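Here the structure is laid out as C-alpha coordinates; the discussion comes afterwards.
The values are calculated or read from the model by the stated rules, or taken from the named source; none is laboratory data. Just so it is clear, the structure is predicted and the values come from calculations on it, not from any experiment. Ideal geometry is used to build each Cβ from the backbone, glycine not excepted, and the neighbour counts take in all protein chains shown.
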Amino acid sequence: MITKNMPNVSVAAQDQTEAAAIPIDMQTHAMATRDLRVFYGENEAIKGVDLAFPENKVTALIGPSGCGKSTYLRALNRMNDEIDGCRMEGSIFYNGIDINRKEIDLYRVRQEIGMVFQKPNPFSKSIYENIAFGLKRHGMKNKKGVDGTRGEELTRCGTLG
(Lines give C-alpha, C1' and ligand atoms only; values in the text may rest on other atoms or scores of the structure.)
Protein backbone atom coordinates (compact mmCIF):
# COMPACT_ATOMS: atom_id res chain seq x y z
CA MET A 1 0.00 0.00 0.00
CA ILE A 2 1.43 3.37 -1.01
CA THR A 3 -0.28 6.53 0.21
CA LYS A 4 0.40 10.15 -0.62
CA ASN A 5 0.31 11.53 2.94
CA MET A 6 3.89 10.77 3.98
CA PRO A 7 6.15 13.61 5.16
CA ASN A 8 8.80 15.03 2.89
CA VAL A 9 12.30 15.70 4.16
CA SER A 10 15.25 17.75 3.12
CA VAL A 11 18.68 16.27 2.64
CA ALA A 12 20.20 19.57 1.58
CA ALA A 13 21.12 20.93 5.01
CA GLN A 14 24.49 19.96 6.51
CA ASP A 15 23.25 19.53 10.08
CA GLN A 16 21.08 16.38 10.32
CA THR A 17 18.72 17.94 12.86
CA GLU A 18 18.24 20.86 10.52
CA ALA A 19 17.88 18.47 7.54
CA ALA A 20 14.99 16.64 9.18
CA ALA A 21 13.11 19.89 9.73
CA ILE A 22 13.29 21.34 6.22
CA PRO A 23 10.79 19.92 3.71
CA ILE A 24 12.11 18.80 0.35
CA ASP A 25 10.17 19.73 -2.75
CA MET A 26 9.14 16.35 -4.18
CA GLN A 27 8.04 18.20 -7.31
CA THR A 28 11.73 18.58 -8.18
CA HIS A 29 13.18 15.53 -6.39
CA ALA A 30 12.03 12.06 -7.42
CA MET A 31 13.82 10.23 -4.59
CA ALA A 32 15.57 11.04 -1.34
CA THR A 33 17.02 9.15 1.60
CA ARG A 34 17.27 10.40 5.16
CA ASP A 35 19.60 8.81 7.68
CA LEU A 36 19.61 5.59 5.63
CA ARG A 37 21.50 2.80 7.37
CA VAL A 38 22.06 -0.70 6.01
CA PHE A 39 23.31 -3.53 8.20
CA TYR A 40 24.60 -6.99 7.37
CA GLY A 41 24.17 -8.65 10.74
CA GLU A 42 25.86 -6.26 13.17
CA ASN A 43 28.09 -4.69 10.48
CA GLU A 44 26.81 -1.24 9.47
CA ALA A 45 27.61 -1.02 5.75
CA ILE A 46 25.77 2.25 5.01
CA LYS A 47 26.01 4.85 7.77
CA GLY A 48 23.28 7.47 7.79
CA VAL A 49 23.15 8.64 4.16
CA ASP A 50 21.15 11.78 3.35
CA LEU A 51 20.87 12.18 -0.43
CA ALA A 52 18.29 13.66 -2.83
CA PHE A 53 17.89 12.77 -6.49
CA PRO A 54 16.59 15.62 -8.66
CA GLU A 55 13.82 14.63 -11.03
CA ASN A 56 14.84 14.25 -14.70
CA LYS A 57 18.56 14.55 -13.94
CA VAL A 58 21.38 12.02 -14.11
CA THR A 59 23.11 11.36 -10.80
CA ALA A 60 26.37 9.40 -10.56
CA LEU A 61 27.51 7.55 -7.46
CA ILE A 62 31.29 7.34 -7.62
CA GLY A 63 33.62 5.65 -5.19
CA PRO A 64 36.11 2.83 -4.71
CA SER A 65 35.17 -0.84 -4.80
CA GLY A 66 33.48 -1.95 -1.60
CA CYS A 67 32.40 1.50 -0.41
CA GLY A 68 28.65 0.72 -0.54
CA LYS A 69 27.48 2.07 -3.90
CA SER A 70 25.63 -1.11 -4.91
CA THR A 71 24.28 -1.66 -1.40
CA TYR A 72 22.86 1.88 -1.48
CA LEU A 73 21.34 1.39 -4.94
CA ARG A 74 19.76 -1.93 -3.89
CA ALA A 75 18.23 -0.10 -0.92
CA LEU A 76 16.37 2.28 -3.22
CA ASN A 77 13.94 -0.41 -4.34
CA ARG A 78 14.28 -2.58 -1.25
CA MET A 79 16.27 -5.35 -2.94
CA ASN A 80 18.30 -5.69 0.26
CA ASP A 81 15.16 -7.21 1.81
CA GLU A 82 15.98 -10.36 -0.19
CA ILE A 83 19.38 -10.76 1.52
CA ASP A 84 19.41 -12.89 4.68
CA GLY A 85 20.69 -10.95 7.68
CA CYS A 86 20.34 -7.56 5.97
CA ARG A 87 18.22 -4.84 7.55
CA MET A 88 17.67 -1.17 6.82
CA GLU A 89 16.85 1.82 9.00
CA GLY A 90 15.97 5.37 8.04
CA SER A 91 13.74 6.71 5.30
CA ILE A 92 13.64 6.20 1.54
CA PHE A 93 11.29 8.69 -0.08
CA TYR A 94 9.92 8.05 -3.56
CA ASN A 95 7.59 10.78 -4.80
CA GLY A 96 7.22 11.91 -1.19
CA ILE A 97 6.28 8.47 0.21
CA ASP A 98 8.51 6.64 2.68
CA ILE A 99 8.86 3.24 0.98
CA ASN A 100 11.03 1.83 3.79
CA ARG A 101 8.01 0.74 5.81
CA LYS A 102 6.87 -2.87 6.33
CA GLU A 103 3.35 -2.26 4.98
CA ILE A 104 4.60 -0.99 1.60
CA ASP A 105 3.79 -3.30 -1.33
CA LEU A 106 7.25 -4.19 -2.68
CA TYR A 107 5.86 -5.45 -5.99
CA ARG A 108 4.36 -2.02 -6.63
CA VAL A 109 7.60 -0.30 -5.61
CA ARG A 110 9.59 -2.48 -8.01
CA GLN A 111 7.15 -1.72 -10.83
CA GLU A 112 8.12 1.93 -10.39
CA ILE A 113 11.82 1.65 -9.45
CA GLY A 114 13.87 -0.65 -11.67
CA MET A 115 17.54 -1.48 -11.51
CA VAL A 116 19.99 -2.31 -14.29
CA PHE A 117 23.26 -3.77 -13.09
CA GLN A 118 26.60 -4.20 -14.81
CA LYS A 119 26.33 -7.98 -14.39
CA PRO A 120 23.14 -10.06 -14.37
CA ASN A 121 21.66 -10.00 -10.90
CA PRO A 122 18.79 -12.52 -10.66
CA PHE A 123 17.03 -13.32 -7.43
CA SER A 124 19.03 -15.75 -5.35
CA LYS A 125 16.93 -18.61 -6.68
CA SER A 126 17.25 -21.12 -9.49
CA ILE A 127 16.77 -20.02 -13.12
CA TYR A 128 13.44 -21.86 -13.09
CA GLU A 129 12.28 -19.97 -9.97
CA ASN A 130 13.40 -16.62 -11.43
CA ILE A 131 11.34 -17.16 -14.58
CA ALA A 132 8.39 -18.73 -12.78
CA PHE A 133 8.28 -15.84 -10.27
CA GLY A 134 6.90 -13.34 -12.79
CA LEU A 135 4.43 -15.83 -14.24
CA LYS A 136 3.08 -16.71 -10.80
CA ARG A 137 3.00 -13.07 -9.72
CA HIS A 138 0.76 -12.28 -12.70
CA GLY A 139 -1.71 -15.01 -11.86
CA MET A 140 -0.47 -18.19 -13.57
CA LYS A 141 -1.17 -20.83 -10.92
CA ASN A 142 -1.09 -24.02 -12.99
CA LYS A 143 2.33 -25.71 -12.58
CA LYS A 144 2.01 -27.30 -16.04
CA GLY A 145 1.39 -23.86 -17.57
CA VAL A 146 4.28 -22.31 -15.68
CA ASP A 147 6.59 -25.17 -16.72
CA GLY A 148 5.50 -24.92 -20.37
CA THR A 149 5.88 -21.14 -20.58
CA ARG A 150 9.23 -21.27 -18.77
CA GLY A 151 10.50 -23.88 -21.24
CA GLU A 152 9.30 -21.82 -24.21
CA GLU A 153 11.08 -18.72 -22.94
CA LEU A 154 14.33 -20.55 -22.22
CA THR A 155 14.21 -22.13 -25.69
CA ARG A 156 13.46 -18.74 -27.27
CA CYS A 157 16.53 -17.17 -25.66
CA GLY A 158 18.72 -20.11 -26.69
CA THR A 159 19.36 -21.77 -23.34
CA LEU A 160 17.39 -24.98 -24.02
CA GLY A 161 17.02 -27.29 -26.97
Under 9 Å between Cβ atoms, which residue pairs at least 6 apart in sequence (or on different chains) link something in region 58-82 that is closer than 17 Å to A32 by Cβ with a partner that is among the aromatic types (F, W, Y)? T59/F53; L61/Y72; L73/F117; L76/F53; L76/Y94; N77/Y94
Could you list all residues from region 95-125 that are hydroxyl-bearing (S, T, Y) and modelled with pLDDT under 75? S124
Condition broken by D147, with the remaining ones in (1) within 26 Å of the chain's Cα centre (by Cα); (2) modelled with pLDDT of 70 or more satisfied: (1)
Quick one: in region 29-47, which of the residues that are assigned to a strand (DSSP E or B) and more than 18 Å from S70 (Cβ to Cβ) is modelled with the lowest pLDDT? H29
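Conditions tested, residue by residue: (1) touching a His at 6+ places or on another chain (Cβ under 9 Å); (2) surrounded by fewer than 15 Cβ atoms within 10 Å (Cβ to Cβ); (3) more than 30 Å from E42 (Cα to Cα); (4) not assigned by TED's automatic domain parsing to the domain that holds R37.
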| position | (1), (2), (3), (4) |
| --- | --- |
| E55 | yes, yes, yes, no |
| P64 | no, yes, no, no |
| G90 | no, no, no, no |
| K144 | no, yes, yes, yes |
